[in-house]
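Colleague: This is the structure I have questions about; it appears just below.
The values are calculated or read from the model by the stated rules, or taken from the named source; none is laboratory data. Every value quoted in this text rests on a predicted model; they were computed, and no experiment measured them. Using ideal geometry, Cβ is built from the backbone for each residue, glycine included, and neighbour counts are taken over all protein chains shown.
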Amino acid sequence: MHISSYKNTLFSLTIFLFFFLSEAKCRKGCDLALASYFVPEGSNLTYISKIFDRKIPEILLFNPQVGNPDSIQSGTRINVPFSCECLNGDFLGHTFEYVTQRGDTYATIASLVFVNLTTEYWIQRVNIYVPTEVPAFVPINVTVNCSCGDRHVSRDYGLFVTYPMRPGESLPSLAAEIGVPLDLAEGFNKGFDSSGGSRIVFLPAKVKVPVR
Ligand SMILES: *[C@@H]1O[C@H](CO)[C@@H](O)[C@H](O)[C@H]1NC(C)=O
Ligand SMILES: *[C@@H]1O[C@H](CO)[C@@H](O)[C@H](O)[C@H]1NC(C)=O
Ligand SMILES: *[C@@H]1O[C@H](CO)[C@@H](O)[C@H](O)[C@H]1NC(C)=O
Ligand SMILES: *[C@@H]1O[C@H](CO)[C@@H](O)[C@H](O)[C@H]1NC(C)=O
């Protein structure tokens with residue numbers, strides 16, 4: 001074999017391996033994903049609209065179960081639409097901008113403001129402030145993961161809910177509740193990693209997500 005053609009082959013192989021090995025990461029996201037927001041006591045749509053930067057009528061489109069928009073029931077769930085992007089070519093998510101209030105920490109922002117749609121660690125990863133010195137009244141990044149589905153698992157589901165599981169909930173119990181076979185639900189949550197306290201799973205939204 002000619003030396004230069006040998007070199008070319010080697011070069012092509014390197015390029016091929018590069019793309020092959022980075023295949024697990026994302027290339028593009030999708031226009032729409034839903035965040036399942038567990039309504040805390042005293043919360044309201046105005047606040048949810050502000051946190052997620054979406055207009056109330058847009059949110060209501062995905063929540064036909066809401067009877068009276070002026071007083072949503074605490075302890076129920078609201079689906080909040082957001083766009084799901086491929087961040088850093090690395091994973092699917094969306095970064096919301098949140099303005100810190102006095103007394104906020106990454107932990108309280110994750111668990112109370114965003115009701116476990118993200119974790120303390122995941123917020124810390126995308127902000128310059130050290131966790132013990134987060135100033136009040138500054139914008140910070142809050143990244144929420146999402147899914148656009150997986151055609152290798154099933155082509156029947158295109159819209160996914162980022163769903164923080166509550167105590168007592170599990171992937172099998174949720175799959176049964178929304179009427180999705182467990183192997184599919186597991187297939188859509190292959191990377192599920194509960195280390196760091198994350199209880200976030202992705203559920204297909206083809207069937208309406210039950211309100212609890
Ligand atoms: C809406 O909820 C936010 C956050 O819980 C609260 O600060 C605000 O007072 C509430 N607004 C109304 C009109 O209830
Ligand atoms: C978001 O996704 C990344 C990549 O899969 C993962 O490492 C991280 O733990 C996830 N974050 C949360 C809060 O689940
Ligand atoms: C939020 O993310 C952007 C883009 O990565 C970055 O430039 C900015 O510094 C981040 N904000 C904070 C408060 O860390
Ligand atoms: C959020 O997560 C924390 C820690 O796992 C848990 O104690 C809390 O009950 C969760 N909040 C909701 C509303 O599920």
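Colleague: Failed condition for Gly89, given (1) touching an Asp or Glu at 6+ places or on another chain (Cβ under 8 Å); (2) at positive phi, with all others met?
Modeller: (1)
Colleague: Right, next: For region 48-60, enumerate the residues that are away from ligand 1 (no atom under 14 Å from the Cβ), over 30 Å from Gly89 (Cα atoms) and surrounded by 12 or more Cβ atoms within 10 Å (Cβ to Cβ).
Modeller: Across region 48-60, the qualifying residue is only Leu60.
Colleague: Right, Ile123: surrounded by 15 or more Cβ atoms within 10 Å (Cβ to Cβ) and within 16 Å of ligand 1 (Cβ to nearest atom) or not?
Modeller: Numbers: surrounded by 15 or more Cβ atoms within 10 Å (Cβ to Cβ): yes; within 16 Å of ligand 1 (Cβ to nearest atom): no.
It is false that Ile123 is surrounded by 15 or more Cβ atoms within 10 Å (Cβ to Cβ) and within 16 Å of ligand 1 (Cβ to nearest atom).
Colleague: Report, by residue number, each residue of region 79-104 that is within 16 Å of ligand 4 (Cβ to nearest atom) and either touching a Lys or Arg at 6+ places or on another chain (Cβ under 8 Å) or of a type in the set (Gly, Ala, Ser) (or both).
Modeller: Val80 - this is the single residue of region 79-104 that is within 16 Å of ligand 4 (Cβ to nearest atom) and either touching a Lys or Arg at 6+ places or on another chain (Cβ under 8 Å) or of a type in the set (Gly, Ala, Ser) (or both).
Colleague: Moving to a separate point now. Looking at region 128-150, which of its residues are crowded, with 17+ Cβ neighbours inside 10 Å and within 16 Å of ligand 2 (Cβ to nearest atom)?
Modeller: Ile140, Val142, Thr143, Val144, Asn145, Cys146, Ser147, Cys148, Gly149
Colleague: Tally time: how many residues in region 81-104 are closer than 22 Å to Ser147 by Cα and part of a loop (DSSP other than H, G, I, E, B)?
Modeller: 3
Yes/no per residue for (1) touching a Ser or Thr at 6+ places or on another chain (Cβ under 8 Å); (2) β-branched (Val, Ile, Thr); (3) at pLDDT 95 or above:
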| residue | (1), (2), (3) |
| --- | --- |
| Arg102 | no, no, yes |
| Ala110 | yes, no, yes |
| Phe114 | no, no, yes |
| Val207 | no, yes, no |
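Colleague: Of the conditions (1) more than 9 Å from ligand 2 (Cβ to nearest atom); (2) hydrophobic (A, V, I, L, M, F, W, C); (3) touching a helix residue (DSSP H, G or I) at 6+ places or on another chain (Cβ under 7 Å); (4) not in a loop (DSSP other than H, G, I, E, B), Val153 satisfies every one except a single condition; which number is it?
Modeller: Checking Val153 against (1) more than 9 Å from ligand 2 (Cβ to nearest atom); (2) hydrophobic (A, V, I, L, M, F, W, C); (3) touching a helix residue (DSSP H, G or I) at 6+ places or on another chain (Cβ under 7 Å); (4) not in a loop (DSSP other than H, G, I, E, B), the one that fails is (4).
Colleague: Out of the residues in region 83-108 meeting the condition of being of a type in the set (A, V, I, L, M, F, W, C) and more than 12 Å from ligand 3 (Cβ to nearest atom), tell me which one is farthest from Cys30 (Cα to Cα). Reasoning before the result, please.
Modeller: Of region 83-108, the ones of a type in the set (A, V, I, L, M, F, W, C) are 84, 86-87, 91-92, 96, 99, 107.
Checking which are more than 12 Å from ligand 3 (Cβ to nearest atom) leaves us with 84, 86, 91-92, 107.
Numbers: Cys84: 5, Cys86: 9, Phe91: 12, Leu92: 9, Ala107: 28 Å.
So the residue we want is Ala107.
Colleague: Sticking with this structure for a sec: Taking Thr162 as the residue in question, decide whether it is modelled with pLDDT of 95 or more and closer than 21 Å to Phe62 by Cα. Break it down stepwise before answering.
Modeller: On the way: modelled with pLDDT of 95 or more: yes; closer than 21 Å to Phe62 by Cα: yes.
So Thr162 passes the test.
Colleague: Filtering region 22-32 down to residues that are over 30 Å from Gln73 (Cβ atoms) and modelled with pLDDT of 50 or more, which residue is surrounded by the most Cβ atoms within 10 Å (Cβ to Cβ)?
Modeller: Looking at the filtered set, the residue picked out is Gly29.
Colleague: With Ala35, Ala107 as the choices, which residue is within 16 Å of ligand 4 (Cβ to nearest atom) and either surrounded by fewer than 16 Cβ atoms within 10 Å (Cβ to Cβ) or in a loop (DSSP other than H, G, I, E, B) (or both)?
Modeller: Selected residue: Ala107, the only one of Ala35, Ala107 that is within 16 Å of ligand 4 (Cβ to nearest atom) and either surrounded by fewer than 16 Cβ atoms within 10 Å (Cβ to Cβ) or in a loop (DSSP other than H, G, I, E, B) (or both).
Colleague: Checking Asn68 against (1) closer than 28 Å to Glu186 by Cα; (2) away from ligand 4 (no atom under 16 Å from the Cβ), which test does it fail?
Modeller: Among (1) closer than 28 Å to Glu186 by Cα; (2) away from ligand 4 (no atom under 16 Å from the Cβ), Asn68 violates only (1).
Colleague: Oh, and also: So Asp90 passes all but one of these: (1) in contact with a helix residue (DSSP H, G or I) (Cβ under 9 Å, 6 or more places away or on another chain); (2) surrounded by fewer than 13 Cβ atoms within 10 Å (Cβ to Cβ); (3) not hydrophobic (A, V, I, L, M, F, W, C). Which condition number does it fail?
Modeller: Single failed check for Asp90: (1).
Colleague: Only one of (1) modelled with pLDDT of 95 or more; (2) more than 29 Å from Leu92 (Cα to Cα) fails for Leu45. Which number is that?
Modeller: Every condition holds for Leu45 apart from (2).
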